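The values are calculated or read from the model by the stated rules, or taken from the named source; none is laboratory data. Given the structure is predicted, the values throughout are model-derived calculations rather than measurements. We place every Cβ from the backbone using ideal geometry, glycine too, and count neighbours over all the protein chains shown.
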Amino acid sequence: MSISKLVAGLTLGTALTIAAQAHAQSADPIQIAGSSTVLPYAQIVAENFHEASPDFPTPVVESGGSSAGLKQFCQGVGPDQIDIANASRPIKESEVETCKKNGVTDIQEVKFGYDGIVFATDAGGPDFKLTPAIVFKALGAKSVVDGKVVDNPAKTWADVDASLPAWNIAAYIPGEKHGTREVFAEKLLAAGCEETGAKEAFAKSGMDEKAAAAQCMQVRKDGAAAEIDGDYTETLARIDANKQGVGVFGLAFYEQNQDKLKVATINDVVPSVETISSGKYPVSRPLFFYVKKAHVGVVPGLSEYVDFFLSEQMIGNDGPLAEYGLVPAPDAEREEFRQAFSAGKTM
Amino acid sequence: MTDLAVSEARAAHPAASERRDIGIKRRYAAERRFKLYGIVAIAIGLIFLVALLWSVFSKGYTAFFQTEIRVPITFDQSIVDPKNSGGKDTKALSMANYPRLVQNGIVALLGIDPSDRTAVRAANALVSQSVRGQLRDIVLGDITTIGKTQEVWLYAASEVDSAEKGQYDLSVEESRRPLKDQQLQWLQQLRDDDRLQQRFNWGFFTFGGSSRAETAGVGVAIVGSIYMMVIVLVLSLPIGVAASIYLEEFAPKNRLTDFIEVNINNLAAVPSIVYGLLGLAVFVNGFGLPRSAAVVGGLVLTLMTLPTIIIATRAALKAVPPSIRAAALGLGASKTQMVFHHVLPLAMPGILTGTIIGLAHALGETAPLLLIGMVAFVADYPSSPMAPSTALPVQIYMWANEAERAFVERTSGAIIVLLAFLALMNITAIILRRRFERRW
């Protein structure tokens, strides 16, 4: 009996404290959701934003992926809806339509920098010199042998190019749900397909233009290319386990783990913040976030947050984002980003 | 004569005695085999447990220590209080350029030429960028520090911390490691002066989420988890107990109650992500409760825990012998009196054990929280269950995806904290059961 009284007392007490505290609600922070690639940058900005202007609470940044973030973003306007969606790819036409249907009519697109995509092997490995053509020949689903379209026969990297080691091909590439995958397919596979003339051969073998282009972006399914649906930490673990594996990473992730990874060159260019911002390194993509214009001026600190994000002290050449691995846009372009937001341009 | 009788008997039934011998042997062998299977099963389980604990503890114990650097800081008035307000202008004091004080301090300490910008920047990179808050608290705590010099233990940058703990391979060529030769030399100098130490990391328990590993902690996550556990307890215990008392003691046994029972057992096995979807649709989009708030998390976890508690409570009520009920009713107690005066107190240890196990299960859940927005970077303490917060398992998940090396140990450190909470809850359950359980 004493136990039941104790439990009853505890329950009542805690219920009262909760009810009392629920009244003292503080100002709502900015709610952000979306891409896991943009997440670390958004975290850095959110933290610095609160330090620089302590009157605003630290924005809350959810993780979950570009598509999930944009889906939430398009659910509607109101205090319980998120204010910003981070994305590692531009918003799709269909998503804008969904947004419009739910009353999110004015969307401001903000581009804030670039992200490089790199190939890396275990730190003890030999030099890897890749080109889009090599990547396509090693990882494409089909290739062309003596004018005939066959399943990719390459077993080792040396089969593809004599300069590469005779390792069995084992590549860890991002899964379909990642924004990175699209860039990988377009900038490397499609480019390599064109370069090697495989696309023409595909077209000759009876595929129409569209089918041939789609075929170019197909990755082989025989186990040589493993799709990683998790994060780069998983890719790194795979390379730790298989020292002859090749992984695809974001530049920022590689820079944080340089002692464990060795980066491959593409077209003889070493990926770095400099080579990517100058455009010499071919595989990069812009990073975005989308702002609900209806929330600007209503949610406290929202426009200040965006201004702070786009300020030189954040996305500039010496800012903390560049230090983490963001590739800053050229000076003039950064100015454009700021102009576009303050002009209130919507999509 | 008797001997003869026995041997005759044996001769008459030779098969019977032989068969009995074989049977005993076989059954003993079967028993030994079964024991062996049991031991092997437990051994496999233990090996995996040891492997899990080893991997977590060997990686995670370092998270409870943090490398700190002792730097003499001169609280220069021209920097801290440029308007010379005598410490009255707290706003100016809190916005002062504290990183500059640290830079001055460390440059003087290492004897670097202040005009050598690369060296200054490299030296500055040894200490955490979070010093602002630390120095601000010192100044605001005691205004008289302005103008004085004080030795302050500052957090080292996460790269320094990881290197000190041997998590970076420092033998690789200079360009590929985060710390350069010059910086390592400075660190050696600091170590020789006894200015570089690994100290107990209280911040790990008090800080919230942070992009800087050295100031990232599980504080906010613990508070969020506690909010949710309290909500789960307050809601699911009364509802669950009431439901099971009704079903067990009062409800007629018919098709409808059978149907309800099947559904409760079914719900106990539904994947937790389904509850997350329900929570998003009903609580966030339907009732308009805030996203990322502990209250929604608590409600979702309540739904998830209810079936477990109902099943445990019904089992506990069933275990109370019918004689107790018959005696109470026989002495003239009403059915309600019988239940609340006699049956429920006797079933309480079982109910509490079931509840705590249900809570421990809820404490470790991440999947239902994903959809209601609690898998998030939250740096500020939630002032109420309505404010955005996160939870311990979520913090583990978020850190596991971080790129920086220093987050690896923090991930394991957070797992240790979570395991400690779970062990605490389960031990409480065992103690309660041992103490109050009655056997018949």
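What strands (runs of 3 or more DSSP E) completely inside the range A:97-180 contain at least 3 residues that are small (Gly, Ala, Ser) and at pLDDT 85 or above?
A:107-122
So that you can scan it fast, the table gives a plain yes or no per residue for (1) closer than 30 Å to A:Ala264 by Cα; (2) surrounded by fewer than 15 Cβ atoms within 10 Å (Cβ to Cβ):
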residue: A:Ser284; (1), (2): yes, no
residue: A:Val291; (1), (2): no, no
residue: A:Val298; (1), (2): no, yes
residue: A:Leu310; (1), (2): no, no
residue: A:Ile315; (1), (2): yes, no
residue: A:Ala322; (1), (2): yes, no
residue: A:Gly325; (1), (2): yes, no
residue: A:Pro328; (1), (2): yes, no
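Among B:Val80, B:Val56, which is the only one that is in contact with a Phe, Trp or Tyr (Cβ under 8 Å, 6 or more places away or on another chain) and modelled with pLDDT under 95?
B:Val80
Determine if the range B:167-186 includes at least one residue that is of a type in the set (Asp, Glu), within 14 Å of chain A (Cβ to nearest Cβ) and touching a Leu at 6+ places or on another chain (Cβ under 7 Å).
No, the range B:167-186 has no match at all.
Any idea which of (1) closer than 30 Å to A:Glu336 by Cβ; (2) hydrophobic (A, V, I, L, M, F, W, C); (3) within 14 Å of chain B (Cβ to nearest Cβ) is the one A:Ala294 doesn't satisfy?
The failed condition is (3).
Scan the range B:392-407 for residues that are in a helix (DSSP H, G or I), more than 7 Å from chain A (Cβ to nearest Cβ) and within 23 Å of B:Val160 (Cβ to Cβ) and jot them down.
Across the range B:392-407, the qualifying residues are B:Trp399, B:Ala406, B:Phe407.
Restricting attention to the range A:226-249, and to residues there that are in a helix (DSSP H, G or I) and of a type in the set (Gly, Ala, Ser), which single residue is surrounded by the fewest Cβ atoms within 10 Å (Cβ to Cβ)?
Residue satisfying both the conditions and the ranking: A:Ala241.
Would you be able to tell me the number of residues in the range A:36-60 that are among the acidic types (Asp, Glu) and surrounded by 22 or more Cβ atoms within 10 Å (Cβ to Cβ)?
1
Mind checking whether some residue in the range A:62-70 is modelled with pLDDT under 50 and facing chain B (nearest Cβ under 8 Å)?
no
Could you check how many residues of the range B:54-78 are under 15 Å from B:Ala163 (Cα atoms), assigned to a strand (DSSP E or B) and not hydroxyl-bearing (Ser, Thr, Tyr)?
Residues that pass the stated criteria total 4.
Can you find a residue that is aliphatic (A, V, I, L, M), in a helix (DSSP H, G or I) and closer than 25 Å to B:Asp194 by Cβ anywhere in the range B:90-98?
Taking every residue of the range B:90-98 in turn, none turns out to be aliphatic (A, V, I, L, M), in a helix (DSSP H, G or I) and closer than 25 Å to B:Asp194 by Cβ.
For the subset of the range A:202-225 comprising residues that are out of contact with any Ser or Thr (no Cβ under 9 Å at 6 or more places or on another chain), of a type in the set (A, V, I, L, M) and outside any loop (DSSP other than H, G, I, E, B), which member is farthest from the other protein chains (Cβ to nearest Cβ)?
A:Ala203
Looking at A:Ala85, A:Ala33 in this structure, which one is modelled with pLDDT of 90 or more, in contact with an Asp or Glu (Cβ under 8 Å, 6 or more places away or on another chain) and either surrounded by 21 or more Cβ atoms within 10 Å (Cβ to Cβ) or in the same structural domain as A:Gly297 (by TED's automatic domain parsing) (or both)?
After applying the criteria, what remains is A:Ala33.
So for the range A:303-321 (the condition being farther than 18 Å from A:Thr37 by Cα, in contact with a Leu (Cβ under 6 Å, 6 or more places away or on another chain) and not β-branched (Val, Ile, Thr)), does at least one residue qualify?
No: zero hits.
Is the range B:106-125 home to any residue that is under 35 Å from the mean Cα position of the chain (by Cα) and in contact (Cβ under 8 Å) with a residue 40 or more places away in the chain?
yes
Those residues that are in a helix (DSSP H, G or I) and either surrounded by fewer than 24 Cβ atoms within 10 Å (Cβ to Cβ) or at the interface with chain A (Cβ under 10 Å from one of its Cβ atoms) (or both), I need them from the range B:362-391; list them, please.
Listed by number, the residues that qualify are B:Leu363, B:Ala367, B:Leu370, B:Leu371.
Go over the candidates B:Ser58, B:Ser94, B:Ser115, B:Ser130 one by one and state the one that is small (Gly, Ala, Ser), within 14 Å of another protein chain (Cβ to nearest Cβ), at negative phi and surrounded by fewer than 18 Cβ atoms within 10 Å (Cβ to Cβ).
The unique qualifying residue is B:Ser94.
Being under 13 Å from B:Thr313 (Cβ atoms) and among the aromatic types (Phe, Trp, Tyr) is the filter here, so list the residues in the range B:236-268 that pass it.
Scanning the range B:236-268 gives a single hit, B:Tyr246.
Return the pair list, or none, for Cβ contacts closer than 6 Å from residues in the range B:207-235 that are within 11 Å of chain A (Cβ to nearest Cβ) to residues that are charged (D, E, K, R) and assigned to a loop (DSSP other than H, G, I, E, B), at least 6 apart or on different chains.
Qualifying pairs under 6 Å: B:Ala213/B:Glu404.
Hey, does the range B:408-421 have a residue that's without any contact (Cβ under 8 Å) to a residue 60 or more places away in the chain, away from chain A (no Cβ under 13 Å) and hydrophobic (A, V, I, L, M, F, W, C)?
yes
Against the condition over 24 Å from the mean Cα position of the chain (by Cα), crowded, with 21+ Cβ neighbours inside 10 Å and either hydrophobic (A, V, I, L, M, F, W, C) or not assigned by TED's automatic domain parsing to the domain that holds A:Ala138 (or both), how does A:Ala252 come out, does it pass?
no
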